[in-house]
Amino acid sequence: KGLRVAIVGATGLVGQEFIKILQQRHFPVDHLELLASDRSAGRKLNYNGRQIEVRETTPDSFEDIDLSLFSAGADISRHFSPIAAKKGAVVIDNSAAFRMDNGVPLVVPEVNIEDARNHHGIIANPNCSTIQMVVVLNPLHQFNPIKRVVVSTYQAVSGTGTPAIDALSEQTRTVLEGQPVTPHVYPHQIAFNLLPEIDIFMDSGYTKEEWKMLVETRKIMHLPNLPLSATCVRVPVFIGHSEALNIEFDRPISADEARNILAKAPGVRVLDDPTVSLYPHPWMAAGTDETWVGRIRQDCSHPKGLTMWVVADNVRKGAALNAVQIAEEMRLRGWLGGK
Ligand code: 2RA
């Protein structure tokens, strides 16, 4: 028996990726409800060759729904997720609304799917930059406990959504035409530029995006005291987040040991042969499901350190795919749609 699925935020970038991925993975959907704001209601989206009309999200939208995938921002999630959960529509929420709530599992299936067992109706999908990092950290940590992480990210504009993709295109054209750019979507020009500001600044001088990488990683990996320092940077790339990881371990570990562990790790693809410039980059990772790793090398600044380069499609594994994989794994374990 298939599931009755609702997608909240269906017309957004991640919402449309949900629709694509449900089809690509032949997720057992008996009925699909596409939900959005009243502004988007009436639009028709294609699903398995059928046109489905987008409806406005209301409390009644979740009657007789088994699974609701949310990607409509924290406010919509805060308002409708509890309503959906109460009606028995298990929520997998891509927003940050509930990620750090005690009763809400924060899940990357390759790392901590067991945490989803004791959900109370809402499961949170982690931040894109956290997901690709823990997919790589976890198998290494299982082999040799991680003591500290320093990470710099190079995040695509699609993380901000369609308006940011349009802004990058427009500003790039404007620069190439030799015209002055009027910054929009971001506080400064993003074309041919780098902005070390993702989400808001906190009193600590870190941004909320950098704080998310710390606190979400601690929750997902059950390492409440893991020291982690992140610098999150917006870069003029459409799709694909890249991360330079510096990892300090309990014991010395060689690049070859790490390469062998990662080559067998779930959801990871190792692409690492500098002699022929073989390493992951956003343009090749976009559209794929894997978390790609390369540039694996001994950290010359620390005897128990490694450094490496991690790339993933931030709209797929960073958001929509991870959420659908949580649903797949929960269903396999009988934690979803058991009606
Ligand atoms: C970003 N991680 O990249 C944030 C939200 N997707 O903008």
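What follows is calculated from the coordinates using simple rules that are stated; it is not laboratory data. Remember, predicted model here, so these are calculated numbers, not experimental data. So basically every Cβ, Gly included, is an ideal-geometry build from the backbone, and we count neighbours across all protein chains shown.
The calculated Kirkwood hydrodynamic radius for the chain is 20.7 Å, given to one decimal from all distinct C-alpha pairs.
Between amide H atoms placed 1.01 Å from N, distances below 5 Å from Leu228 occur with Val149, all of them 5 or more places distant or on a separate chain.
The calculated FRET efficiency for Ala263 paired with His120, based on their beta-carbon distance and R0 = 51 Å, is about 0.85.
Computed over the chain, the per-residue total of -39500 (n - 2.57) for DSSP H runs of n ≥ 4 gives a 222 nm mean residue ellipticity of -9000 deg cm²/dmol, rounded to 500. By the beta-carbon count within 10 Å of each Cβ, the least crowded to most crowded order of Asp115, Asp66, fewest first, is Asp115, Asp66. Taking 0.36 nm per residue of separation and subtracting the Cα-Cα distance, what length does fully extending Lys87 through His26 add? Length gained, Lys87 through His26: 19.4 nm.
Each Lys and Arg adds +1 at its Cβ and each Asp and Glu adds -1 at its Cβ; summed about the Cα centre, region 8-99 shows a dipole of about 280 debye.
Please list, by residue number, every one of the trypsin sites (Lys or Arg not before Pro) in region 2-53 that is coil in DSSP and has at most 12 other beta-carbon atoms within 10 Å.
Passing both the DSSP loop test and the Cβ count: Arg39.
Summing Lys and Arg as +1 and Asp and Glu as -1 over all other residues whose Cβ lies under 10 Å from the Cβ of Asp93 gives a net charge of +2.
What is the mean projected area of the alpha carbon convex hull for region 222-322, to one decimal in square nanometres? That works out to 7.6 nm².
Rg then Dmax, both in Å and based on the Cα atoms of region 281-326: 13.6, 39. Here the Karplus curve 6.51 cos²θ - 1.76 cosθ + 1.60, taken at θ = phi - 60°, turns the phi angles of region 156-165 into couplings of 5, 5, 4, x, 8, x, 4, x, 6, 4 Hz, with x standing for Gly and Pro. In this rough spin-label picture, where each label sits 7 Å from Cα along the Cβ direction, the Ser277-Arg43 distance is 3.8 nm. Exposure proxy shown here: for Val135, Val104, the number of other Cβ atoms within 10 Å sets the order, fewest to most, as Val104, Val135. Of interest is the spacing of the C-alpha centroids, which for region 127-182 and region 1-36 amounts to 25 Å.
If I fit a long axis through the Cα atoms of helix 73-86 and take the longest principal axis of the Cα atoms of the chain, what angle between them do I get, 0 to 90°, rounded to 10? Orientation of helix 73-86: about 60 degrees from the principal axis.
Our estimate of slack between Ser169 and Met202, defined as 0.36 nm per intervening residue step minus the Cα-Cα distance, is 8.9 nm. Just name one of Ala85, Tyr47, Ala36: the one whose Cα is farthest towards the positive end of the charge dipole of region 14-98 (beta-carbon charges, Lys/Arg +1, Asp/Glu -1). About the Cα centre, the residue reaching furthest to the positive side is Tyr47. Taken over the alpha carbons of region 197-260 as equal point scatterers, the Debye sum produces base-10 log I(q)/I(0) values at 0.23, 0.28 Å⁻¹ of -1.11, -1.23.
Going from the residue with the fewest nearby Cβ atoms within 10 Å to the one with the most, Met100, Met202, Met330 rank Met202, Met100, Met330. A dipole drawn for the chain from +1 and -1 charges on Cβ atoms has a positive end, and of Gln179, Ile261, Leu168 the residue lying farthest that way is Ile261.
Here the ratio of the Cα radius of gyration of region 90-189 to 2.2 N^0.38 Å is 1.48.
Ordered from longest to shortest, the equivalent ellipsoid semi-axes for region 3-149 are 29, 17, 14 Å, each the square root of 5 times a Cα gyration tensor eigenvalue.
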